[in-house]
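Peer 1: The structure that follows is given in the form of structure tokens.
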Amino acid sequence: MSKMDCSFCSKNITEATGTMFVRKSGKVSYFCSSKCESNMVKLKRNPRKKKWAHEKVVKKEKTEETVKKEVEKKEKEIKKETGKKENSDKKEVRSKTK
């Protein structure tokens, strides 16, 4: 079973579904629905300008690197927060002893 991606919204298309559009130049485009096909072929729209199609593309483009970076940022924020709490506890102890 081969899986293809929609040329407009990048949604996965399973075998025996969707449509294939071949241009005179030989470029092949696959579409998951007639909505995607008409937007790209007939109306010549750019998927980056369409919110419903662009969101799918953006989600798909998230790579492991970006996920790792996000995790590292969250870890740093947590470390900063815990460090601030420890520092504030030490200050309170010092002020009580004076």
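Peer 1: Quote the FRET efficiency, to the nearest 0.05, computed for Ile78 versus Thr14 with a Förster distance R0 of 25 Å and r equal to the Cβ-Cβ distance.
Peer 2: Working: r = 41 Å, r/R0 = 1.62.
Efficiency computed from Cβ-Cβ geometry: 0.05.
Peer 1: For a Förster distance of 25 Å, can you work out the FRET efficiency between the beta-carbons of Lys24 and Trp52, rounded to the nearest 0.05? Mind dumping the intermediate values first?
Peer 2: Numbers: r = 29 Å, r/R0 = 1.15.
With R0 = 25 Å, the Cβ-Cβ based efficiency is 0.30.
Peer 1: For the stretch 34-43, in order, what is each residue's ³J(HN,Hα) by Karplus, 6.51 cos²θ - 1.76 cosθ + 1.60 with θ = phi - 60°, in whole Hz (x at glycine and Pro)?
Peer 2: With the stated coefficients, the stretch 34-43 comes to 5, 4, 5, 4, 5, 5, 8, 7, 7, 8 Hz.
Peer 1: Follow-up question, since we're still on this one. Which pairs in the list Lys11/Lys49; Lys3/Lys44; Lys35/Lys68 are over 27 Å apart, alpha-carbon to alpha-carbon? Walk me through the intermediate numbers first.
Peer 2: Numbers: Lys11/Lys49 16 Å; Lys3/Lys44 25 Å; Lys35/Lys68 35 Å.
With Cα atoms farther than 27 Å apart: Lys35/Lys68.
Peer 1: Can I ask one more? If amide H atoms are built 1.01 Å from N in the plane of the peptide, which residues on other chains or at least 5 residues away come under 5 Å of the amide H of Arg45?
Peer 2: Answer set, sorted by chain and number: Met40.
Quick note: the coordinates plus some simple rules give every number you see, no bench work behind them. None of the values given here were measured: they were computed from a predicted structure. Note that each Cβ is placed from the backbone with ideal geometry, even for glycine, and that neighbours are counted across all protein chains shown.
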